[in-house]
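Report on the structure given below.
The values are calculated or read from the model by the stated rules, or taken from the named source; none is laboratory data. Just so you know, these numbers come straight off a predicted model, no measurement behind them. A quick note on method: Cβ atoms are made from the backbone with ideal geometry, for glycine too, and the neighbour counts reach across all protein chains shown.
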Amino acid sequence: MSARLRAGLRLQRFEILASLAAGLVLAGSALLVWFRLTSLHVEGGCFSYLTTLGSVPPCTLGAGADTAVAAFNDLNNSDGNSVMLAMAVLPLLIGMVLGVGVVAPEIEAGTAPSAWVLARSRARWLRGRMLPSLVTATTVLALLAAASQVLWLAREPYLPNPWLNFDDASLHGPILVAKGLAAYGVALVVGALLGRTLPAVILATAVIWIGLAGTGTVARSLWMQAEAPNHIVATNPNGNVLAFPGGDIRGGGWLSSDGRMMTDEEAWALIPSGELDPAWLADHLARYYTGVPGDLFPVWDAAETAGYAGVAVLAVGAAFMVVRRRRPYA
C-alpha cells in the first residue's frame with residue numbers, strides 16, 4: 001500500500017499542490033473579506049430602509065451609520081460576490097482535476113497493465129492510487145466549506161436569523177464538500193472509461209457543469225416555484241427581503257378587501273376612468289407576494305448536500321467496477 005501511495009503522490013503531485021494552493025488562496029480571501037466586513041461594525045438596525053424586517057441588533061454607529069452601510073454594501077457587492085462566485089467554480093474544478101488524474105494517465109501511458117499485475121487486485125491498486133488525491137480533495141473542500149460559511153453568515157446582518165437564508169445557496173458550508181467529491185467521482189469514472197486524459201477532461205467538465213451544477217440549480221428553481229404558492233404574505237415592503245426574510249419571492253399580485261387575489265392586469269382594470277395615479281391601487285388594495293421563506297433553507301440544503309454525496313458514492317463505486325472489468329489497452 002505504501003508503494004501505491006507514493007506512486008499516487010508522485011504522479012499527481014502537481015495537481016495536489018495546485019489544489020492546495022488554490023484552496024488556501026480562496027479560503028484566505030473569504031476570511032479577509034469577512035474580517036473587513038465585520039470590522040465596519042454594521043448592525044442590522046443600521047440598514048434604515050429595512051427597519052420593519054424584524055428583530056435585529058440596533059444600530060450604534062450614530063451619524064456615521066450611512067457611511068458605514070455604504071462601505072459595507074460596496075465591499076459586499078464587489079469582493080464578497082467575487083469570492084462567492086469563485087466558491088461556485090473551485091470545488092468542482094478541484095474535484096475534476098484530481099479525479100481525472102487517478103486512472104486515465106496510467107491507461108494512456110500503458111503502465112496500467114503492469115501496475116494491476118503487481119498489485120494482484122485492481123481494486124487494491126485503485127484504492128492506493130485514489131487515497132492521496134481523495135484526502136487532498138476532502139481537506140481542501142472542508143477548508144473552503146468552513147471559510148465560505150463564515151463569510152456567508154456575515155454578508156446580511158439585517159436578517160433576523162442569518163442561518164435561514166437562501167442567498168448564496170450551494171456556495172457555502174458542507175455542500176461544497178459534497179459537490180467537490182461528486183465532481184471527483186464523476187471525473188474518476190470518466191477517466192477510467194475513456195483511458196485518455198484530454199478527452200476525459202473535456203467530457204468530465206461537461207458532465208460536471210451540466211449534469212451536476214446545472215441540475216442542482218434547475219432542481220432548486222423548480223422546487224421553489226412549486227413551493228411558493230404555499231406561502232403568501234400580504235405586505236407593503238420596501239424590498240423583497242421584507243416579504244420573505246432570507247427567502248425568495250416567486251410571484252405576487254393584489255389582494256382585495258374581501259380576500260380575492262388578482263393579477264396586476266386585473267387590478268389595473270379596476271382603476272376608475274380618469275384616475276391616472278397608480279397610488280389608487282395602494283389605497284384600495286393590498287399587495288401580496290408568494291415565495292419561499294428562509295426557514296426552509298436548512299431542509300433544502302441538507303437534501304441537496306445528501307444528493308451530491310449520493311452521486312459521489314455512486315460514481316466512485318462505478319469507477320471500481322469499470323477498472324475491474326476494463327481491458328488495459330481499450
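Here are some notes:
- For region 192-210, the criterion of being at positive phi, over 21 Å from the mean Cα position of the chain (by Cα) and surrounded by 14 or more Cβ atoms within 10 Å (Cβ to Cβ) is met by at least one residue.
- Selection of first residues in region 63-76 that are in contact (Cβ under 8 Å) with a residue 12 or more places away in the chain and at negative phi and of second residues that are among the aliphatic types (A, V, I, L, M) and part of a helix (DSSP H, G or I), restricted to Cβ pairs under 8 Å at least 6 apart or on distinct chains, gives the following pairs, ordered by first then second residue: F72/L37; L75/V33; L75/L37; N76/L37.
- Residues that are at pLDDT below 80, farther than 29 Å from R250 by Cβ and not hydrophobic (A, V, I, L, M, F, W, C), drawn from region 269-289: S273, G274, E275
- Restricting the first member to region 25-53 and to residues that are under 16 Å from P162 (Cα atoms), and the second to residues that are modelled with pLDDT under 80 and among the hydrophobic types (A, V, I, L, M, F, W, C), the beta-carbon pairs closer than 6 Å and six or more apart or on different chains are G44/V56; G45/V56; L53/L242.
- The lone criterion from (1) modelled with pLDDT of 85 or more; (2) surrounded by 14 or more Cβ atoms within 10 Å (Cβ to Cβ); (3) more than 26 Å from A306 (Cβ to Cβ) left unmet by L242 is number (1).
- Within region 55-65, considering residues that are more than 10 Å from V42 (Cα to Cα) and within 31 Å of the chain's Cα centre (by Cα), the one modelled with the lowest pLDDT: S55
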